Amino acid sequence: MGKYWNESMECATLDEMRALQSFRLQKTVKRVYANVPYYRDMMDKAGVKPEDIRSVDDLHLLPFTCKQDLRDTYPYGLFAAPLDDVVRLHASSGTTGKQIVVGYTRKDLDMWSDCVARALTAAGATKSDFMHISYGYGLFTGGLGLHDGATKVGMTTIPVSSGNTKRQITILKDFGSTFICCTPSYALYLAETMKEMGVSKSDIKLKAGIFGAEAWTEQMRKEIEDKLGCKAMDIYGLTEITGPGVAFECECQNGMHINEDNFIPEIIDPDTGEVLPEGSEGELVFTCINKEAFPILRYRTKDICVLEREKCACGRTLIKMRKPRGRTDDMLIIRGVNVFPSQIESVLLSLGDTAPYYQIVVDRKNNTDTFEIQVELPEHMLSDTIKTIEDMEAKITEALHSTLGIQPKIRLVEPKSLPRSEGKAVRVIDKRKLVD
Amino acid sequence: MTVKQLSVFVENRPGRLSAITRLLGDANINIRAMSIADTKDFGILRLIVDDAEKALKVLKDEGCSVTITNVLVLRIDDRPGSLAQAMNALYKDNISVEYMYAAFINTESNTACLVLRVDDNDKATVALYDSGYKLLSQNELG
């Protein structure tokens, strides 16, 4: 097996790629306009007709889609294929606890797994390899996304899913896994647990790991490579676009190739919406041009990023994105889970008359994110008995856990002890060093 | 007969007790009994003072989180077995003690004073009076 999974796409000339993109874009816009009233209204309001979109150069005429549009049309309002043809749903959490739902036809799953297969092949995987999948299986796109890609390559998939770290290590060792995929912080946690169990990196056969779903640094990469004795490769994706495999790293490990035959990237000025030239830093926007069920148009990812079309030593011509440097909104990714401060505010508000002052403190200890919410003790919660206060604390923890999908540590603090600032309060202290 | 107890929420960090007690001292408020219930992150400082209303205002003005609870202050003989007797007086009427602590008030040398937080002040008052005990009133705290 060669070095590329889909050489004609991964190594196409710029002209070929633009021609294909233009063709697919036109087709997608026509279909979406015809099948999705929400998009039709959006385009009508913007004064754009499907026939105005003749090539990728006309992409900027289309209106943006953002997360709010997905919420407004929940659950199936943006689907462009009949539900009869949809064979899979995935979902991810949103800001107000309401999740967003995406769908896939058979062809969509085929396209997605092709993207993941490219990523795995770029990491050196072949059908002789074993893929240990530690991403959670479920509505989250990580588990099944990597599973389908690995199956397509012909790898022996080991669908371990998440949790039970000691058992994971036993399986890694006994089944002879040569590839693994999980979040980078879990990879480090695995390495630590291996050490505790007396398992050395020579006891396992890992060649490479595909790590994504959260921000990580070059330093973490070195640490993972050193401790697990394998290459650590980055992968990028988001549920709204398809899941993991929107972009992937090659052996050069400096930027991720975007599967632009399926997803056209743009960089825009987040304030004006104006398209910025290649090489500028701005908000990453994707248009899906090869999907049937959920072909989102100009989706604003809120990731701050740079695109570079340079000749890559690996031979691929696919445009590269740098690791996202931050976000335009206040979304935090904690242990792989999306958390918005507004969610915390609404939960606190639901428990009392007024939302108390709070501050989120995120850190990374022993390679795992810590998530503490400091809450100024509201008047009505004060009692002369510890038990009453602890019961309230437990109630807050539980309410936040069920809304956020991740359990915070609640720390009650004295009134007026959290810093006030003019204008917007400083709600988040992120001590993790996620950007080099 | 109950006495007003102040409960102050105190974070576990250096200097908090110093600041709160200084506030009371500067306002010329005398602490007659106190205890701290502590957890890993915070504590509740419980205080019986000679002027509860004034103390409440002083602390609130400084932004402290304070609440007032009515508790009983009981005088017992200062000898072995007398606390057990008092507890038995409550127990026989099925009254639960949520917490209690010793007070500084000591007007007579052969007695001791206790602050009691029970589940039912009225029932406890009756039970203690019936057994011949003396409860202190707010104006006996000076």
Pair list, Cβ under 8 Å, 6 or more apart: segment A:4-25 residue among the β-branched types (Val, Ile, Thr), other residue in a loop (DSSP other than H, G, I, E, B) and open to solvent by 40 Å² or more (accessible area, probe 1.4 Å): A:Thr13/A:Thr317
Candidates A:Ile396, A:Ile319, filtered to the one that is at pLDDT 85 or above and outside the structural domain of A:Glu260 (by TED's automatic domain parsing): A:Ile396
So A:Asp369, is it open to solvent by 10 Å² or more (accessible area, probe 1.4 Å), under 27 Å from A:Cys230 (Cα atoms) and outside the structural domain of A:Leu78 (by TED's automatic domain parsing): no
Test: residue in segment A:89-103 that is in the same structural domain as A:Glu266 (by TED's automatic domain parsing), surrounded by fewer than 18 Cβ atoms within 10 Å (Cβ to Cβ), part of a helix (DSSP H, G or I) and not aliphatic (A, V, I, L, M): no
Any hit, segment B:36-54, residues being within 22 Å of B:Arg117 (Cα to Cα), open to solvent by less than 20 Å² (accessible area, probe 1.4 Å) and of a type in the set (Ser, Thr, Tyr): no
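Pull up segment A:361-415, narrow it to residues that are within 14 Å of chain B (Cβ to nearest Cβ), in a helix (DSSP H, G or I) and of a type in the set (A, V, I, L, M, F, W, C), then point me to the one that is nearest to B:Ile68 (Cα to Cα).
Our first condition is that a residue be within 14 Å of chain B (Cβ to nearest Cβ); within segment A:361-415, this holds for A:361, A:372-394, A:396-397, A:408-415.
Subsequent filtering for residues that are in a helix (DSSP H, G or I) retains A:379-381, A:386-394, A:396-397.
When the remaining residues are screened for being of a type in the set (A, V, I, L, M, F, W, C), the result is A:381, A:386, A:389, A:392, A:394, A:396.
Values: A:Met381: 13, A:Ile386: 15, A:Ile389: 15, A:Met392: 18, A:Ala394: 23, A:Ile396: 24 Å.
Per the stated criteria, the residue is A:Met381.
Scan A:Glu274, A:Glu251, A:Glu281, A:Glu308 and give me the residue that is surrounded by fewer than 20 Cβ atoms within 10 Å (Cβ to Cβ) and without any contact (Cβ under 8 Å) to a residue 40 or more places away in the chain. Before you say what the answer is, go through the steps one by one.
Details: A:Glu251 fails: without any contact (Cβ under 8 Å) to a residue 40 or more places away in the chain; A:Glu281 fails: without any contact (Cβ under 8 Å) to a residue 40 or more places away in the chain; A:Glu308 fails: without any contact (Cβ under 8 Å) to a residue 40 or more places away in the chain.
Residue meeting the stated conditions: A:Glu274.
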Residue within segment B:57-67 that is touching a residue at least 60 places away in the same chain (Cβ under 8 Å), closer than 30 Å to A:Leu382 by Cα and among the hydrophobic types (A, V, I, L, M, F, W, C) present: yes
Subset of segment A:313-330 (residues that are surrounded by fewer than 19 Cβ atoms within 10 Å (Cβ to Cβ) and of a type in the set (A, V, I, L, M, F, W, C)): A:Ala313, A:Cys314
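Output the number of residues of segment A:23-55 satisfying the condition of being assigned to a helix (DSSP H, G or I) and open to solvent by less than 20 Å² (accessible area, probe 1.4 Å).
Keep residues of segment A:23-55 that are assigned to a helix (DSSP H, G or I), which gives A:23-35, A:37-46, A:50-52.
This time we only want the ones that are open to solvent by less than 20 Å² (accessible area, probe 1.4 Å), so: A:25, A:28-29, A:32, A:39, A:43, A:50.
Counting residues in segment A:23-55 that are assigned to a helix (DSSP H, G or I) and open to solvent by less than 20 Å² (accessible area, probe 1.4 Å) gives 7.
Could you check how many residues of segment A:113-128 are within 20 Å of the chain's Cα centre (by Cα) and not acidic (Asp, Glu)?
Step one: of segment A:113-128, the residues within 20 Å of the chain's Cα centre (by Cα) are A:113-120, A:122-123.
Keeping just the survivors that are not acidic (Asp, Glu) gives A:113, A:115-120, A:122-123.
Adding up the residues that qualify gives 9.
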Pick from segment B:110-140, criterion small (Gly, Ala, Ser) and assigned to a helix (DSSP H, G or I), ranking: farthest from B:Val49 (Cα to Cα): B:Ala127
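Listed here are the residues, each with its yes/no results for (1) modelled with pLDDT of 95 or more; (2) among the aliphatic types (A, V, I, L, M).
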position: B:Met87; (1), (2): yes, yes
position: B:Glu98; (1), (2): no, no
position: B:Ala103; (1), (2): no, yes
position: B:Asn106; (1), (2): no, no
position: B:Ala112; (1), (2): no, yes
position: B:Ser131; (1), (2): no, no
Unmet requirement for A:Asp84, which otherwise passes all of (1) touching a residue at least 12 places away in the same chain (Cβ under 8 Å); (2) in a helix (DSSP H, G or I); (3) more than 20 Å from the chain's Cα centre (by Cα): (1)
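What do you reckon, is B:Asp78 open to solvent by 20 Å² or more (accessible area, probe 1.4 Å), out of contact with any Lys or Arg (no Cβ under 6 Å at 6 or more places or on another chain) and in the same structural domain as B:Gly132 (by TED's automatic domain parsing)? I'd like the intermediate steps shown before the answer.
On the way: open to solvent by 20 Å² or more (accessible area, probe 1.4 Å): yes; out of contact with any Lys or Arg (no Cβ under 6 Å at 6 or more places or on another chain): yes; in the same structural domain as B:Gly132 (by TED's automatic domain parsing): yes.
It is true that B:Asp78 is open to solvent by 20 Å² or more (accessible area, probe 1.4 Å), out of contact with any Lys or Arg (no Cβ under 6 Å at 6 or more places or on another chain) and in the same structural domain as B:Gly132 (by TED's automatic domain parsing).
The values are calculated or read from the model by the stated rules, or taken from the named source; none is laboratory data. The model shown is predicted, which means the values in this text are computed figures rather than measured ones. Ideal geometry is used to build each Cβ from the backbone, glycine not excepted, and the neighbour counts take in all protein chains shown. The area values use the complete protein model at the heavy-atom level, side chains included, leaving out ligands, DNA and RNA. Shrake-Rupley method; radii C 1.70, N 1.55, O 1.52, S 1.80 Å.
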